[in-house]
Amino acid sequence: MMKVFKFGGASLRDAANIQNVANILKQLNEESLVVVVSAMGKTTNALEAVVDAHVKQTGEAYNLYNAFKEQHYSIMRELFDPSESVFTEVNDTLVEGEWVLDELPSEHYDFMYDQIVCMGELVSSKIVTAYFNKVGLATSWLDARDVVTTDNTFREGWVIWDKTKANALKNVPPLLKKSRLVVTQGFIGSTSENFTTTLGREGSDYSAAIFSHCLDAESMTVWKDVPGVLNADPRIFDNTTKLDRLSYREAIEMTYYGAQVIHPKTIKPLQNKNIPMFVKSFLDPTAPGTEISSDIDDLYPPIIVVEKNQALLHISTLDYSFVAEHHMARLFGKAADLRIFVNMMQNTAVSFTICVPNVPDRIEKFIEGISDEFKVKVESGLELITVRHYTEETIASLKKNKVVLFEERIRNTLHMVVKNVPLIERKAVEIAGSKN
Ligand code: ADP
Ligand code: ASP
Ligand code: MG
């Protein structure tokens with residue numbers, strides 16, 4: 001049986017890290033392994049800047065694209081001798097991005113985005129494959145676009161599962177017979193007309209789950225710069241603890257509400273086939289990490305997820321009529337059309353409030369689209385905090401220096417939408433407190 005590993009941007013951000021990944025694979029010496037790789041470091045952000053410059057025709061697109069190329073060449077110079085064929089191969093791949101820049105920007109922004117941004121994963125997988133082979137890990141390169149088939153929703157391709165599965169079963173096993181390792185790209189797929197699509201930012205975890213599902217992998221491991229899944233984002237909280245085991249259900253709940261450690265679509269394809277997932281540290285590869293699988297009913301500590309940049313939309317009927325079912329149907333229909341993701345909702349007789357990610361152009365379109373019947377007040381700059389397995393003590397500490405605008409408790413989950421108390425007011429509160 002085969003396994004799937006996924007290495008993200010952080011684990012491949014420079015030559016030393018790529019060497020580290022090769023060492024991990026040598027140490028583990030797996031019999032049959034598909035390795036899904038992301039673009040190196042922050043490459044995807046850099047390529048988004050190329051797309052932006054191209055669309056706005058600022059004249060900077062080629063410079064930015066050249067900087068992206070140079071960054072990869074500089075890593076390659078550390079890993080390879082100048083005579084090695086990987087230089088030509090990478091060059092041939094990179095030229096395809098230049099062809100897109102040679103044309104005037106397409107009117108279809110999302111389409112063009114995918115044709116340029118895919119370059120990050122394509123070059124990283126070429127470099128990694130060449131390096132593995134150089135250090136004695138026999139590796140085949142696979143174009144993920146020959147496997148992952150999506151619809152035409154550029155930038156957020158929806159997987160067409162039956163085609164993807166058939167492609168995986170046709171293309172991957174022969175490669176695994178040739179070499180024990182197959183390297184492919186995360187994040188990218190292809191339409192049936194062979195145009196490149198991407199699966200949504202941070203989508204490489206999801207790609208690994210697609211391969212795992214289609215090939216009935218024994219397990220899937222994502223290698224991160226943290227010891228495993230923690231009970232809160234370590235960039236926001238001190239004192240986090242690692243969760244040794246997590247049920248699929250718990251992982252879905254966490255990632256749905258924005259825990260950034262795993263892409264939210266990752267769990268379902270694994271859960272459907274009962275494939276265990278491991279989150280491990282590429283800095284400490286023998287440590288056990290976190291296991292996500294079924295039938296785990298451990299006692300969990302409070303698990304905190306903070307999703308920043310949220311907005312509350314207070315919607316009311318123009319004529320003060322009750323907010324009835326047909327209104328809700330229309331509001332949710334409009335939100336779904338515009339791919340506005342509703343995180344929380346609450347209604348009174350004549351008003352309806354939803355918490356959504358603050359994407360101004362989509363929100364404007366939403367307001368415009370319902371303005372014949374509703375008026376909307378937008379409150380932005382908010383955070384959605386979700387706490388699973390909460391204790392009153394955790395909640396009290398999370399509310400410190402925050403104004404709570406909206407709070408809901410459902411069984412063991414608490415959601416609250418909060419705003420930071422401005423510093424000046426906070427000082428006044430503290431001084432007032434200290435007089436007591
Ligand atoms: P990748 O390199 O695979 O793209 P990411 O950067 O997307 O990895 O995800 C790992 C990061 O997620 C960690 O560095 C950490 O800062 C952040 N993170 C947010 N929430 C959590 C959490 N609950 N547990 C662990 N890491 C978290
Ligand atoms: N490279 C892509 C991104 O940064 C996909 C991924 O890393 O998961 O969004
Ligand atoms: Mg990521």
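The values are calculated or read from the model by the stated rules, or taken from the named source; none is laboratory data. Treat the numbers as computed from the prediction; the structure is a model and nothing was measured. Note that each Cβ is placed from the backbone with ideal geometry, even for glycine, and that neighbours are counted across all protein chains shown.
Counting only residues that are acidic (Asp, Glu) and crowded, with 19+ Cβ neighbours inside 10 Å, which one in region 188-236 is farthest from ligand 3 (Cβ to nearest atom)?
Checked region 188-236; the qualifying residue farthest from ligand 3 (Cβ to nearest atom) is ASP205.
Is there a residue in region 36-52 that is buried (at least 17 other Cβ atoms within 10 Å of the Cβ) and away from ligand 2 (no atom under 16 Å from the Cβ)?
No: region 36-52 contains no residue that is buried (at least 17 other Cβ atoms within 10 Å of the Cβ) and away from ligand 2 (no atom under 16 Å from the Cβ).
When you go through ILE296, ILE292 one by one, which is the residue that is touching a residue at least 40 places away in the same chain (Cβ under 8 Å), away from ligand 1 (no atom under 14 Å from the Cβ) and either within 27 Å of TYR390 (Cα to Cα) or among the hydroxyl-bearing types (Ser, Thr, Tyr) (or both)?
Of ILE296, ILE292, the one residue that is touching a residue at least 40 places away in the same chain (Cβ under 8 Å), away from ligand 1 (no atom under 14 Å from the Cβ) and either within 27 Å of TYR390 (Cα to Cα) or among the hydroxyl-bearing types (Ser, Thr, Tyr) (or both) is ILE296.
Can you tell which of THR240, THR286 is of a type in the set (Ser, Thr, Tyr), within 18 Å of GLU383 (Cβ to Cβ) and either within 16 Å of ligand 1 (Cβ to nearest atom) or surrounded by fewer than 21 Cβ atoms within 10 Å (Cβ to Cβ) (or both)?
Just one listed residue meets the conditions, THR240.
Give me the pairs: first residue in region 195-223 and among the aliphatic types (A, V, I, L, M), second residue at pLDDT below 95 and not in a loop (DSSP other than H, G, I, E, B), beta-carbon distance under 6 Å, and six or more apart or on different chains, which are they?
Partner pairs satisfying both residue conditions: none exist.
Could you tell me which of the residues VAL100, VAL123, VAL90, VAL128 is without any contact (Cβ under 8 Å) to a residue 40 or more places away in the chain and assigned to a helix (DSSP H, G or I)?
Step by step, each of VAL100, VAL123, VAL90, VAL128 is checked, and only VAL90 is without any contact (Cβ under 8 Å) to a residue 40 or more places away in the chain and assigned to a helix (DSSP H, G or I).
How many residues, within region 1-20, are of a type in the set (A, V, I, L, M, F, W, C), crowded, with 22+ Cβ neighbours inside 10 Å and part of a helix (DSSP H, G or I)?
Counting residues in region 1-20 that are of a type in the set (A, V, I, L, M, F, W, C), crowded, with 22+ Cβ neighbours inside 10 Å and part of a helix (DSSP H, G or I) gives 2.
So is THR164 modelled with pLDDT of 95 or more, among the polar types (S, T, N, Q) and either in a helix (DSSP H, G or I) or within 16 Å of ligand 3 (Cβ to nearest atom) (or both) or not?
It is true that THR164 is modelled with pLDDT of 95 or more, among the polar types (S, T, N, Q) and either in a helix (DSSP H, G or I) or within 16 Å of ligand 3 (Cβ to nearest atom) (or both).
Which of the residues that make up region 147-203 are acidic (Asp, Glu) and away from ligand 1 (no atom under 16 Å from the Cβ)?
Once the filter is applied, which keeps residues that are acidic (Asp, Glu) and away from ligand 1 (no atom under 16 Å from the Cβ), region 147-203 yields ASP151, GLU156, ASP162, GLU193.
Out of the residues in region 339-351 meeting the condition of being among the aliphatic types (A, V, I, L, M) and buried (at least 16 other Cβ atoms within 10 Å of the Cβ), tell me which one is farthest from GLU156 (Cα to Cα).
Looking at residues that are among the aliphatic types (A, V, I, L, M) and buried (at least 16 other Cβ atoms within 10 Å of the Cβ), I get MET345.
(1) closer than 13 Å to LEU142 by Cβ; (2) of a type in the set (Phe, Trp, Tyr); (3) more than 16 Å from ligand 1 (Cβ to nearest atom): which one isn't true of PHE211, the others all being true?
Answer for PHE211: the failing condition is (3).
Cβ-Cβ under 7 Å, sequence separation 6+ or interchain: first residue in region 67-87 and over 17 Å from ALA16 (Cβ atoms), partner outside any helix (DSSP H, G or I). Which pairs?
Here the result reads VAL86/PHE80, each pair linking region 67-87 to a residue that is outside any helix (DSSP H, G or I).
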